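Accompanying notes for the structure given below.
The values are calculated or read from the model by the stated rules, or taken from the named source; none is laboratory data. Computed from a predicted model, the values in this text were never measured in an experiment. Reconstructed Cβ throughout: ideal geometry from the backbone, glycine too, with neighbour counts over all protein chains shown. Surface areas here come from the heavy atoms of the whole protein model, side chains and all, with no ligands, DNA or RNA. Shrake-Rupley method; radii C 1.70, N 1.55, O 1.52, S 1.80 Å.
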Amino acid sequence: MLAQILSSSLELIINKALALNSYAVDLNKLEQKTLTIALTELGFPLSFSVNSNAIIVSNLTERADCTIHTSVSTLRALKVEQQLTDLIKQGKLDLTGDIKVAQQFSVFAENLDIDWQSELAKHIGDVPTHKLVSFGNNMADKLQFAAKQINADISEYIVHEKCLVVTRSQVEKFNLQVRNVSDQVDSLETRIKVLMKGRIKT
Amino acid sequence: MSTSEQKQVQTNTESTTHFGYKTIDKEDKVSMVAGVFHSVAKQYDVMNDLMSFGVHRLWKRFTIDASGVRPGNKVLDLAGGTGDLTAKFSQLVGKKGTVILADINSSMLNVGRDKLRDKGLVQNIEYVQANAQYLPFEDNTFDIVTIAFGLRNVTDKEMALRSIYRVLKPGGRLLVLEFSKPDHELLNKAYDFYSFNILPKMGELIAKDGSSYQYLAESIRMHPDQETLKSMMDNAGFEQTSFKNLTGGVVALHKGYKF
């Protein structure tokens, strides 16, 4: 039933987003077309069909005009239409069926532009929205700073205090030393070959 | 005469059937079931959401996902009531397809028609008042027939299954979504307690009709279990029959093909 919970939630969110979009999205070109996305992380496919300018999300595979097999991490990149062919070349996604359908869905996703602040202001008013958004931005900055700080502290503890891993400069120094030794061995090998040749001649 | 043929004759000649736990004359069942649904029609959707905590929507989604519906298909939503399945099928078959919402009960059909029209779903839906035992359609008409929470109210289930088989196209499929028997004893007991103690009280409180919801609980218990319904479908001529338990077997989705 997880598949049905996810598909009904996605359907609700997508159609709400369509209704809130800054300008009307024309989905006529995609009428009754279906894009199926099979994510490696999920055990079931998700199909997106268009009917009368609304998106219907289901787990039907029989009606797919285009099927994409990929992973969650690649999904974000799919939003940019130009990246579609690059991702196929890189082997990050496998596409079967009509590529135009995938491109048109990609254009649709790219064109989604929702003014969340205006929508929120309609419900709670301008001043509370401004306060809420400022608070949200402030919190996001603080969380970002805290995440950076925690990252730095953990690195310091692991590298310098516990010496569990080496630093980049230490790795580079080690690599340089390995290269020097390798060069010396090569030159010694050449010298030995020259000496051996001379000895065979005499 | 073989055992199965004897059974068939017995079934056909029996003049009684069940209405919940009561045994009644077959000819009375239609009007008694009609009475229940005339009474609950207006509150049907609200009660469905309350009684199942909204899970009936997921069961119906599961049915749609299992149907393999394609644009242009002709679908019969039998005992379709307030049209939940019809609404989704209508969007999925598109302008070239057709969905027929059929129900024996005029009140349910009226509620369903109003609801779907309010949603703007008018292009490809037709409404037919029909008895599942005597479907008023030509042979080999539909790609898909669904009957969700309706089969247990039908007087002669075998006859209804044969009638459905007749109207399906070769390659078409029947999906029966119906209450069934939970597969764990503990769940069964909890379900029994809920059905006989809480459900009728909710019916009394919200729909002002406790007896209809008492009938609902009783009719679920009298409905054939998963394996029996599967063999009934086999006997009606369906092939590759299978079922899938949902929510621990509280509900089961049976599927069968006509080839």
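Restricting attention to region A:67-77, does a residue exist that is at pLDDT 90 or above and touching a strand residue (DSSP E or B) at 6+ places or on another chain (Cβ under 8 Å)?
So far as region A:67-77 goes, yes, one or more of its residues are at pLDDT 90 or above and touching a strand residue (DSSP E or B) at 6+ places or on another chain (Cβ under 8 Å).
Listed here are the residues, each with its yes/no results for (1) over 21 Å from B:Phe89 (Cα atoms); (2) open to solvent by 30 Å² or more (accessible area, probe 1.4 Å).
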position	(1), (2)
A:Ile5	no, yes
A:Thr40	yes, yes
A:Ser52	no, yes
A:Val57	no, no
A:Leu60	no, no
A:Ile88	yes, yes
A:Lys92	yes, yes
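Residues to consider are A:Val185, A:Val133, A:Val127, A:Val159; find the one that is modelled with pLDDT under 90, in a helix (DSSP H, G or I) and open to solvent by 70 Å² or more (accessible area, probe 1.4 Å).
Exactly one of A:Val185, A:Val133, A:Val127, A:Val159 is modelled with pLDDT under 90, in a helix (DSSP H, G or I) and open to solvent by 70 Å² or more (accessible area, probe 1.4 Å), namely A:Val127.
Residue check, B:Asp45 against (1) under 22 Å from A:Ala54 (Cα atoms); (2) touching a residue at least 60 places away in the same chain (Cβ under 8 Å), all met but one. Which one?
(1)
If A:Ala17 meets every condition in (1) open to solvent by 20 Å² or more (accessible area, probe 1.4 Å); (2) closer than 30 Å to A:Leu120 by Cβ; (3) more than 10 Å from chain B (Cβ to nearest Cβ); (4) in a helix (DSSP H, G or I) apart from one, which number is that one?
Among (1) open to solvent by 20 Å² or more (accessible area, probe 1.4 Å); (2) closer than 30 Å to A:Leu120 by Cβ; (3) more than 10 Å from chain B (Cβ to nearest Cβ); (4) in a helix (DSSP H, G or I), the lone unmet condition for A:Ala17 is (1).
Matching residues to (1) open to solvent by less than 60 Å² (accessible area, probe 1.4 Å); (2) in a helix (DSSP H, G or I); (3) more than 20 Å from A:Leu46 (Cα to Cα):
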{"residue": "A:His69", "(1), (2), (3)": "no, no, no"}
{"residue": "A:Thr96", "(1), (2), (3)": "no, no, no"}
{"residue": "A:Lys100", "(1), (2), (3)": "no, yes, no"}
{"residue": "A:Val107", "(1), (2), (3)": "yes, yes, no"}
{"residue": "A:Asn137", "(1), (2), (3)": "no, yes, yes"}
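From the list A:Val72, A:Val101, A:Val57, which one is more than 14 Å from chain B (Cβ to nearest Cβ) and closer than 30 Å to B:Ser67 by Cβ?
On inspection, the qualifying residue turns out to be A:Val72.
Taking region B:52-70 as the region of interest, how many residues are in contact with a helix residue (DSSP H, G or I) (Cβ under 6 Å, 6 or more places away or on another chain) and either open to solvent by 20 Å² or more (accessible area, probe 1.4 Å) or more than 13 Å from chain A (Cβ to nearest Cβ) (or both)?
4
In this structure, is B:Val99 over 22 Å from B:Gly171 (Cβ atoms) and either touching a Phe, Trp or Tyr at 6+ places or on another chain (Cβ under 7 Å) or at the interface with chain A (Cβ under 9 Å from one of its Cβ atoms) (or both)?
No; evaluated as a whole, the condition is false for this residue.
With the requirement that a residue be more than 9 Å from chain A (Cβ to nearest Cβ) and open to solvent by 40 Å² or more (accessible area, probe 1.4 Å), what does region B:71-81 give you?
B:Lys74
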